[in-house]
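Everything on this sheet refers to the single structure shown next.
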């Protein structure tokens, strides 16, 4: 059975493109932090998960969990986005569908603990 060379080449290109993921640079992270800083200085957290995804792309993993509020001793729901690249990982925290802390650069030693919502 013969396969047309064009079909094989097209399939190979599509499979290769699907496996490639754009790199996230510290410039991308700075863009998220700049938008976060504008909202923070205005007294509000204004970045939704979709806005973060528009800058950084889809996360490698999303986790819904709860954290305890130290002041009220109750659990609140949070969403964590994990981005992984070149053996490193960064973690973003969302509360009430808003980013609650700045995004660490790839060269940061650890992700910061989430701020209290």
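No lab work stands behind these numbers, since they all come straight from the coordinates. Since the model is a prediction, treat every value here as computed from it, not as a measurement. Here the Cβ is made from the backbone with ideal geometry for all residues, glycine too, and neighbour counts use every protein chain on show.
Of note:
- Segment 23-99: C-alpha gyration tensor shape, a/c 1.5 cut-off, then a/b vs b/c: oblate
- The label point for residue 84 and the one for residue 53, both projected 7 Å from the Cα toward the Cβ, are 1.9 nm apart.
- Take each peptide in 72-79, 93-100, 32-39, count the other Cβ atoms within 10 Å of every residue, and average; sorted highest first, the result is 93-100, 32-39, 72-79.
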